[in-house]
Amino acid sequence: MGVCLGARRVRHDGNPPRHGDEGSAPRPAKWGGLLMETLLLFALLIVLIATSIPIGIALGLATAIMLHFTTNVSLIMIAQKSFSSLDSFPLLAIPFFILAGALMSYGGISRRLVALAESLVGFIIGGLAMVTVLACMFFAAISGSGPATVSAIGSFMIPAMKERNYDAGFASALTAAAGTIGVIIPPSIPFVLYSIVSGTSVGDLFLAGIVPGVIIGFLLMLNCYVIARKKGYLGDGKVHTLADTVKAFREAVWALLVPVIILGGIYGGVFTPTEAAVVAVVYSVFIGIFVYRELTFASLYEALKDAVLVNGATSFMVGFSMAFAAYLAMAQIPAKLGAWLAGVSTDTIVIMLLLNFILLVIGCFVDNIAAVIILTPILLPVVTRLGIDPVQFGVIITVNLAIGFVTPPYGINLFVASAVSGESIEKISKNIMPFVISMGVALLLITFVPSLSLGLVRLLR
């Protein structure tokens, strides 16, 4: 490794830097030195995150420190990589999907989706809990964000469940878990990022997420039914006729058309995924103002402000994640780790179980946006050598990291649910494990039954 001596940096070969060395990459490292460098890099990142430094800044700091002490590369590389990574037309889909979700939330969509879900499953034992899951699935098809789904649906459903004597910790944990479907059912922000990093079709990823998202929703509702029978959580006590369901569907149909427009437009060749996100924004404004008439200038301002704040944090994280990933590539960490994983076993089942475990652990500490950008170049070559389709792996990595939304210490959905409900993180965490187990079962199905992810893709190719 290079070391810093006063104002001069020593090259990896021990000689002073020559003119022009500032832009050179580090020398190929031996496995022992590479292992130490990898452990130091991730230990540094974990320490920075543990000290409550925002993850975007932590990624940038970790990259800067490692660049300074182990390479001759100028720190200007961080700014260059961060800026160039954001200068991407496909990446523009993210702020527009964020804005579309915010507009839908402020435009009265959440309430109508809840009403539709209630007319379908509200009468069943544990019906109000099932309504929460189903409403999250509907809203997931609009927002593309897990935390946004928790906030939009939780603000209605958590108080409603409390009124029906549901345990507050259970209600909050369920909403946090169901909110993870927001990044699996299309549109999905992590899918957009994965497609950029891996070169995979966004449209294929969107299609591949539909069935896995439905499976997770079904298993969560099954869990709700079992817990409700044990704790005596009854249905809403209302008689829902077919006429009620038809009325609720008519009220919500404008919102339900969003995923149809997005996927239909992409697969019909009418517009690109980025253009689809813009269409979703225009559509959201139109139905919010002229159809539901609940999107005022004041709420439009609030939606724009929310979208700007979320996108600012997201863009910051994406930029520094790309710089971090560039350092990993220069240090040959992805290639060496990939070779190590491939050498652990030749059994596909063993490798995939190991990868799932690694992703689940990382998801506990690192945001899914940063994790997708950093881990995809490392793991994708490994799984493709095993014969795993890149589209299927995009769903696998997204589901793994989505589970991280509800597992401490990071667990952003837990924090959002806590803010909405007023319950402590500790109380919510105690109630989250049955739902994590349900999501784990879904993950195993998605991992080892490829047709669940690829069936629709192959059907429409």
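The values are calculated or read from the model by the stated rules, or taken from the named source; none is laboratory data. Here the structure is a predicted model, which is why all the values come from computation and not from measurement. Ideal geometry is used to build each Cβ from the backbone, glycine not excepted, and the neighbour counts take in all protein chains shown. Ligands, DNA and RNA are stripped out before the accessible areas are found, and what is left, the full protein with its side chains, is counted by its heavy atoms. Shrake-Rupley method; radii C 1.70, N 1.55, O 1.52, S 1.80 Å.
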Check your understanding: Using 7 Å Cα-to-Cβ label points, what is the Cys364/Ala64 separation (nm, one decimal)?
Key -> 3.0 nm
Study note, to complete from the structure: Quick numbers on the chain, Rg and Dmax over C-alpha atoms in Å, give 23.1, 82
Study note, to complete from the structure: With label points set 7 Å from each Cα along the Cα-to-Cβ direction at Ala419 and Ser155, the distance between them in nm comes to 1.1 nm
Review point. Which value, in Å² rounded to 10, gives the accessible area of Met66 with a 1.4 Å probe and all protein chains present?
Key: 0 Å²
**Study point:** Percent RCO, i.e. relative contact order, over region 206-344, from Cα pairs under 8 Å lying at least 6 residues apart
**Key:** 11 percent
Study note, to complete from the structure: Whole-Å distance linking the alpha carbon centroid of region 155-221 with that of region 401-418 is 12 Å
Review point. Taking R0 as 51 Å, what's the FRET efficiency between Thr51 and Phe249 from their Cβ-Cβ distance, rounded to 0.05?
Key: 0.55
Practice item. Return the distance in nm (one decimal) between the two label points of a simple spin-label model at Ser84 and Leu354, each offset 7 Å from Cα along Cα→Cβ. Key: 3.3 nm
Revision key, fill the gap. Using alpha carbon centers only, region 229-288 is separated from region 335-386 by a whole-angstrom value of 35 Å
Revision key, fill the gap. Whole-Hz Karplus couplings 3J(HN,Hα) for region 339-356, θ = phi - 60° and coefficients 6.51, -1.76, 1.60, Gly and Pro as x, run 5, 5, 4, 5, x, 5, 6, 9, 7, 4, 4, 4, 4, 5, 5, 5, 4, 4
Practice item. Mind pulling up the Rg/Rh value for region 296-378? Radius of gyration and Kirkwood radius, both on Cα. Key: 1.19
Review point. Given a cut-off of under 8 Å on Cα pairs at least six residues apart, what relative contact order in percent is computed for the chain?
Key: 23 percent
Practice item. Name the aspartates and glutamates eligible as straight-distance cross-link partners of Lys231: C-alpha to C-alpha under 17 Å, and not fewer than 8 places from it in the same chain. Key: Glu163, Asp167
Exercise for review: Please go through the residue pairs Lys162/Lys430; Lys162/Lys230; Lys162/Lys238; Lys238/Lys305; Lys238/Lys430; Lys305/Lys430 and name each one whose alpha carbons sit more than 28 Å apart in this structure.
Suggested key: Lys238/Lys305; Lys238/Lys430; Lys305/Lys430
Exercise for review: For Leu234, enumerate residues with amide H under 5 Å from its amide H, sequence gap 5+ or separate chain, H modeled in the peptide plane.
Suggested key: Gly126
Practice item. Would you rank Val420, Val47, Val281 by solvent-accessible area, highest first, keeping every protein chain in place and using a 1.4 Å probe? Key: Val47, Val420, Val281
Point to revise | Per-residue SASA entry for Arg164, accessible area with 1.4 Å probe, Å² rounded to 10 | key: 100 Å²
Point to revise | Long-range amide H partners of Asn72 with built H, under 5 Å | key: none
Review point. How much length is gained if the chain between Leu444 and Val344 is pulled fully straight, taking 0.36 nm per residue apart and subtracting their Cα-Cα distance, in nm to one decimal?
Key: 34.0 nm
Check your understanding: Which value in deg cm²/dmol, rounded to the nearest 500, describes the helix-derived mean residue ellipticity at 222 nm for the chain, given -39,500 (n - 2.57) per DSSP H run of n ≥ 4 and division by the residue count?
Key -> -24500 deg cm²/dmol
Exercise for review: Heavy atoms only, probe 1.4 angstrom, no DNA, RNA or ligands counted: give me Glu302, Glu251 ranked by accessible area, highest first.
Suggested key: Glu251, Glu302
**Study point:** Whole-Hz ³J(HN,Hα) from phi, Karplus 6.51 cos²θ - 1.76 cosθ + 1.60, for region 190-201, glycine and proline x
**Key:** x, 4, 4, 5, 4, 5, 5, 6, 9, x, 8, 5
Check your understanding: In degrees, nearest 10, range 0 to 90: what is the angle between the Cα axis of helix 412-421 and the longest Cα principal axis of the chain?
Key -> 40 degrees
Review point. D for region 71-207, whole µm²/s, Stokes-Einstein with Kirkwood Rh over alpha-carbon pairs at 10 °C and 1.306 mPa s: what number?
Key: 97 µm²/s
Review point. In degrees between 0 and 90, to the nearest 10, how far off the longest principal axis of the chain does helix 368-385 point, with axes built from Cα atoms?
Key: 70 degrees
Review point. Please state the relative contact order of region 125-209 as a whole percent: Cα pairs under 8 Å, 6+ residues apart?
Key: 35 percent
Exercise for review: Calculate the translational D of region 314-423 in whole µm² s⁻¹ from Stokes-Einstein, where the hydrodynamic radius comes from the Kirkwood formula applied to all Cα pairs, the temperature is 10 °C and the viscosity 1.306 mPa s.
Suggested key: 107 µm²/s
Exercise for review: Would you list which lysines come within 26 Å of Lys336, measuring only between C-alpha atoms, while excluding same-chain residues fewer than 8 positions from it?
Suggested key: Lys30, Lys81
**Study point:** Cα long-axis angle, helix 273-286 against the chain (0 to 90 degrees, to the nearest 10)
**Key:** 40 degrees
Check your understanding: What residues of region 99-135 lie in the reach of a label at Leu234, counting those whose backbone N is under 17 Å from a point 7 Å from the Cα along Cα→Cβ?
Key -> 122-130
Point to revise | Residue-level accessible surface for Tyr283, protein heavy atoms, 1.4 Å, Å² | key: 40 Å²
Check your understanding: Which sequence of Trp254, Trp340 reflects their accessible areas, 1.4 Å probe, from the largest down?
Key -> Trp340, Trp254
